[in-house]
Structures are given as structure tokens and as C-alpha cells.
1. State which entries of K69/K129; K85/K131; K11/K35; K35/K69; K85/K123 exceed 25 angstrom in Cα-Cα distance in the structure shown.
2. Using the beta-carbon distance between S147 and T82 and R0 = 41 Å, what value does 1/(1 + (r/R0)^6) give for FRET efficiency, to the nearest 0.05?
3. Evaluate E = 1/(1 + (r/R0)^6) for N73 and D9, where r is the Cβ-Cβ distance and R0 equals 35 Å; express this FRET efficiency to the nearest 0.05.
4. Using the Cβ atoms and a cut-off under 14 Å, what net charge is assigned to the surroundings of P89, where Lys and Arg are +1 and Asp and Glu are -1?
5. Could you check the spin-label model distance between F90 and I109? Points 7 Å from the Cα along Cα→Cβ, value in nm.
6. Quick one: give the max-minus-min coordinate of the C-alpha atoms of the stretch 72-138 along each principal axis, largest first, in Å.
7. For the stretch 70-150, state which trypsin sites (Lys or Arg not before Pro) are in a DSSP loop and have at most 11 other beta carbons lying within 10 Å of their beta carbon.
Amino acid sequence: MVPESEKKDGKPRARCKLYGVTYMVASKYGTRNMKRYIDTCPRRSSRDIGQCLLAQNSGSGSVSVGNLKFDTNEYRELLVATIVKHELPFRFVEYLGVRYLLQYLRPDILTIFRNTTKADLVKMYHREKRKIKCLLNDSPDRISLTSDLC
């Protein structure tokens with residue numbers, strides 16, 4: 001906010017640097033209206049600093065602040081993909097060491113159990129099955145599937 005000249009009524013006012021709205025700032029009016037405006041200003045950017053990470057660029061050696069976004073669905077997809085890729089049991093998510101590791105990396109993470117992991121795997125299976133069916137239906141050529149039992 002920057003001070004602005006008094007209007008016709010003679011009361012001191014301030015103008016928002018970002019949006020240009022003027023408000024009365026005399027001490028007898030208090031600062032509630034200014035605080036309320038600052039909280040609701042449409043052009044004011046207020047990021048939660050707790051959601052930012054420091055990232056170092058290896059090429060230039062500079063340090064920048066990056067926004068950390070944690071997507072629970074992406075986390076669950078990656079966890080299921082890891083279990084499938086490495087042929088791990090569903091109980092893997094319930095191992096004490098894995099839980100400690102995940103809690104260390106992200107303290108507010110929700111604990112996932114093997115039944116949830118199984119349900120996520122079934123969803124992933126059906127989604128991938130639909131993708132393959134679409135690919136096969138859209139293929140203009142014939143496809144021959146063979147297998148070797150040896």
C-alpha cells in the first residue's frame with residue numbers, strides 16, 4: 001500500500017500497488033479494513049513458504065526456490081508400479097522399514113495397506129487393458145500373437 005492524497009472528504013487514504021483500490025487509513029478507522037483487503041487482494045501472491053524447496057542448479061551453481069507438490073494419487077501409482085516391476089508382495093507396503101522410510105521422507109503421508117495396494121493394482125490393470133484394446137482396435141494391420149511353451 002502506498003499513501004494517496006486525501007479525497008474531497010479530507011480523510012487520509014492509501015492505494016494498493018497491485019490493484020489500485022483505495023482505502024481509508026486514518027487511525028480512528030483502525031487497520032481491519034486494510035488487513036481484510038490484503039487477505040483478499042486478487043493480485044496478491046501468498047505462497048506458503050513451507051511448501052517450497054531449495055534446489056541447486058548444477059550448471060550455474062545458483063540456488064533457487066521451487067514449489068513442492070505432492071500428489072497422493074501419483075504416489076500410489078508409482079508404489080504399485082514398483083511392486084509390479086520388482087515382483088514384490090503386496091505386504092511390501094506394510095513392512096516396518098518401508099513405513100519408516102516413507103514417514104521420514106514425508107511425515108504427513110497417509111499409510112497405505114496391502115488391500116489398498118491391491119485395489120490400486122486392479123484399477124491399473126483395467127486401465128492398461130483398455131489402452132491395449134484401443135491400440136489393437138486402431139491398428140490397420142493384422143496382428144499375430146504366438147507363444148512358446150518351452
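Just so you know, all these numbers are worked out from the coordinates, no wet-lab data involved. Note that the structure is predicted; figures quoted are calculated from it, not measured. For neighbour counting, all protein chains shown are included, and Cβ atoms are generated from backbone atoms with ideal geometry for every residue, glycine included.
1. As for pairs spanning more than 25 Å Cα to Cα, those are K69/K129; K35/K69.
2. Using R0 = 41 Å, I get an efficiency of 0.90.
3. 0.05
4. +2
5. Placing both labels 7 Å along Cα→Cβ, they lie 2.0 nm apart.
6. Taking max minus min along each principal axis of the Cα atoms, the stretch 72-138 gives 46, 22, 18 Å.
7. Hits after loop and neighbour filter: R142.
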